[in-house]
Amino acid sequence: MPGFELWSDAERKHVTDVIETGILMRYGFDGPRKGIWKAKELEQEICNTFGCHHAQLVSSGTAALTTALSALGIGYGDEVIMPAFTFVASFEAVISVGAVPVMVDVDDTLTLAPDAVKAAITSKTKCIMPVHMCGSMADMDALQSICREHKLILLEDACQAIGGSYKGKMLGTIGDAGTFSFDFVKTITCAEGGVVMTNREDVFVSSDGYSDHGHDHTGVDRGADLHPFIGYNFRISELHAAVGLAQIKRLDEFLTIQKKNNAALKNILATIPEISFRRVPDEAGDSGSFVSWFLPTAEITNAVVEEMKAQGILAGNFYWFNNNWHYIRKWDHLKNSITLNALSPELKEKVMHHANKDFSASDAVMSRCISTAISLTWTDEQIKDKGAKMVAVIKKVLSEMAVNA
Ligand SMILES: *Cc1c(COP(=O)(O)O)cnc(C)c1O
């Protein structure tokens, strides 16, 4: 999955370029920086690599979502439809701009179920936010057509899907805006960082200002910039951008290894007839960062997880159903709307309402799903060994449960 596994001289070199000038900030200091503009260069490289018109780097994926939501004009009273299976950052960003996260069910794509999205639309709905979880994509044709029909904004949380695509377009570049995270465990890392990608000039200009205290970046220097609106500081540093610049140039290398290792492990798991795999709307576009697989029942899945734990091979296998960070079931802080600062009573009530709905359709999917993270450093031998151990555990559990049934 992550680019940090293949840290190299390329990353060291770009960081050293910045350290040598000592200009660690992405804006200003035109003379002393001696032509080193890592953040600007990385933004250009993102546009070239992913095929979008504009890219605004920020300090994290969470900041990218917050910036994109603000730049898209989403705030008070607006409802944002998002999946019940995602990383907590997705709803954090929505709440931070004062909008209502409307969690809805996922299906066997592990992403938004289009019918659940349709059923959740109200007169307050402003945006649909698919999250391309675990390296692969939502059904974008279905979601785009819902957005067209209801005149809704489409914001892609592609933080986990760097390098994935849908029908020839890179994930994150299909909607009105899309975001990547470059945190330490993502496919490309900056250590910490994120980006807003968009083809809309207005969204880009707003993102550019919002992430830097509202600066319009049109003055002769920072002191002469105007502030057409209130922003925040979500800037990325040159040191972080330098790491990302090295990594993005290695993306093809990462993806080639990732897809190869993914296919090898998937082929081993596929020898078990009781296993099925996540439905991928466009197989060719799967970035391969995880193999996500299903067992026939929640009981079997739970027993397999317990047996993997007992045998010391659970690391890298994610049973999201029991996970604190990625699935609605354990988001008690959201269900109780526990914040440090007071939300408006209206928002608090709505947050709690939507977090406490019935997610049994998602439970039925997630309780049978295990996602195995794909490492870039595995050897062919290690994959065979890992696969064999997993198969042994699964077969053992399947035969024990059959006997007990
Ligand atoms: C990682 C991630 C984020 C947030 O990114 P950070 O850079 O860690 O803030 C948002 N959404 C999803 C789906 C993620 O996996």
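A short reminder: the numbers here are calculations on the coordinates, not readings from a lab. No experiment lies behind these values; they were computed from the predicted model shown. Don't worry about glycine lacking a Cβ; one is built from the backbone with ideal geometry, like all the others, and counts go over all protein chains shown.
Given the pairs LYS38/LYS167; LYS118/LYS266; LYS124/LYS348, which span a C-alpha to C-alpha distance of over 22 angstrom in this model? Distance filter (> 22 Å) returns LYS38/LYS167; LYS118/LYS266. Volume per residue of the convex hull around the Cα atoms, evaluated for segment 3-251, comes out as 111 Å³.
For the chain, the 222 nm mean residue ellipticity estimated from helices alone, with every DSSP H stretch of n ≥ 4 adding -39500 (n - 2.57) and the total spread over all residues, rounds to -12500 deg cm²/dmol.
Pairs spanning more than 20 Å between alpha-carbon atoms, out of LYS330/LYS386; LYS309/LYS395; LYS260/LYS384: LYS330/LYS386.
The residues neighbouring CYS159, those whose beta-carbon lies less than 13 Å from its own, together hold a net charge of -4 under the Lys/Arg +1, Asp/Glu -1 convention. Exposure proxy ranking for TYR319, TYR327, based on other Cβ atoms within 10 angstrom of each Cβ and starting from the fewest, stands as TYR319, TYR327. Each of LYS389, LYS266 was scored by other Cβ atoms within 10 Å of its Cβ. Arranged with the fewest first, they read LYS389, LYS266. Using Cα-Cα distances under 8 Å and only pairs 6 or more residues apart, what relative contact order does the chain have, in percent? Normalised by residue count, the contact order of the chain is 21 percent. Please work out the C-alpha center-to-center distance from segment 322-372 to segment 9-88 and express it in whole Å. When both Cα centres are located, 29 Å separates them. Put in order of Cβ neighbour count within 10 Å, fewest first, the listed residues PHE277, PHE4, PHE182 become PHE277, PHE4, PHE182. Which whole number in µm²/s is D for segment 1-88 by Stokes-Einstein, with the Kirkwood Rh taken over Cα pairs at 37 °C and 0.692 mPa s? Rounded, D is 203 µm²/s. Placing unit charges on each Cβ (+1 for Lys and Arg, -1 for Asp and Glu) gives the chain a dipole about its Cα centre, and among THR198, CYS147, ASN323 the Cα reaching farthest toward its positive end belongs to ASN323. Put a plus charge on the Cβ of each Lys and Arg, a minus charge on the Cβ of each Asp and Glu, and nothing anywhere else: the dipole of segment 82-181 about its Cα centre is then about 340 debye. Reported to the nearest whole Å, the Cα centre-to-centre distance from segment 127-204 to segment 284-314 is 26.
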